[in-house]
Amino acid sequence: MTTIERVTEDHPDLVALATAMVEEMIGLYGGDVGTWKLVPERGEWLVLRDDDGTAVACAGLIPLDVAVPGSSAHLGELKRVFVLPAARGRGLSRVIVDAAVALAPSLGYSELWLETGDLQPVAVGLYDRMGWRRIPPYGPYADVHSICFSLALEDAT
């Protein structure tokens with residue numbers, strides 16, 4: 001049975017998962033670790049543990065104004081959704097996203113936004129199936145590879 005734990009931004013399991021995610025994104029899109037903030041500031045972070053307690057997935061929520069200054073305090077951003085390659089294909093992405101969406105109202109969010117990339121069709125398909133609505137790229141994501149979504153929390157499935 002998997003479990004989900006809230007962790008701090010400096011928790012070693014979260015940092016390890018975020019590092020693995022960034023390395024995977026660099027492999028897809030180029031760049032280097034120095035261009036990424038592994039764990040963005042002001043977030044609330046979740047780690048999903050496998051049956052044996054191993055951390056295999058993560059996700060977080062941050063205020064949207066970290067990426068888009070001046071944004072409403074009711075807007076949050078879903079960040080660092082990642083499942084280790086060895087744990088993929090078991091629906092864990094949906095589990096960790098559902099957990100983040102369930103946490104969001106307690107943080108004062110009524111809507112969530114996210115950015116993913118066009119070279120990540122599995123992620124794009126997940127958000128489409130989960131009822132997220134595509135929106136124009138926003139803030140720092142207004143580039144050729146970004147696909148952005150929003151979810152009004154009353155629409156969460």
Once you have a ≥ b ≥ c as the square roots of the Cα gyration tensor eigenvalues for region 1-57, tell me rounded if a/c is under 1.5, and otherwise prolate or oblate according to whether a/b is larger than b/c.
oblate
Positive-end residue, region 61-100 charge dipole about Cα centroid, Cβ charges, pick of Pro69, Phe82, Ala100:
Phe82
Please give the Cα centre distance for region 3-24 versus region 42-106, rounded to the nearest Å.
10
Which value at 222 nm does the chain reach when only helices count, each DSSP H run of 4 or more adding -39,500 (n - 2.57), with the total divided by all residues and rounded to the nearest 500 deg cm²/dmol?
-8000 deg cm²/dmol
With only Lys, Arg, Asp and Glu charged, each at its Cβ (+1 for the first two, -1 for the last two), find how big the charge dipole of the chain is about the Cα centre; round to the nearest 20 debye.
280
Under 5 Å between amide hydrogens, which residues at least 5 positions from Lys79 or on another chain qualify, with H placed 1.01 Å from N in the peptide plane?
Gly60, Leu61, Ile62
Gain on full stretching of the segment that runs from Ile26 to Arg42 - 0.36 nm per residue minus C-alpha separation:
3.4 nm
If you take the square roots of the eigenvalues of the alpha-carbon gyration tensor of region 1-131 and sort them as a ≥ b ≥ c, do you get rounded (a/c under 1.5), prolate (a/b over b/c) or oblate?
rounded
Express the carbon and sulfur contribution to the solvent-accessible surface of the chain as a percent, rounded to the nearest whole number, probe 1.4 angstrom.
56
In whole percent, what relative contact order does the chain give with Cα contacts below 8 Å and a gap of six or more residues?
19
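The values are calculated or read from the model by the stated rules, or taken from the named source; none is laboratory data. Because the structure is predicted, anything quoted here is derived from the model rather than measured. Here the Cβ is made from the backbone with ideal geometry for all residues, glycine too, and neighbour counts use every protein chain on show. What goes into the accessible areas is simple: the full protein's heavy atoms, side chains included, and nothing from ligands, DNA or RNA. Shrake-Rupley method; radii C 1.70, N 1.55, O 1.52, S 1.80 Å.
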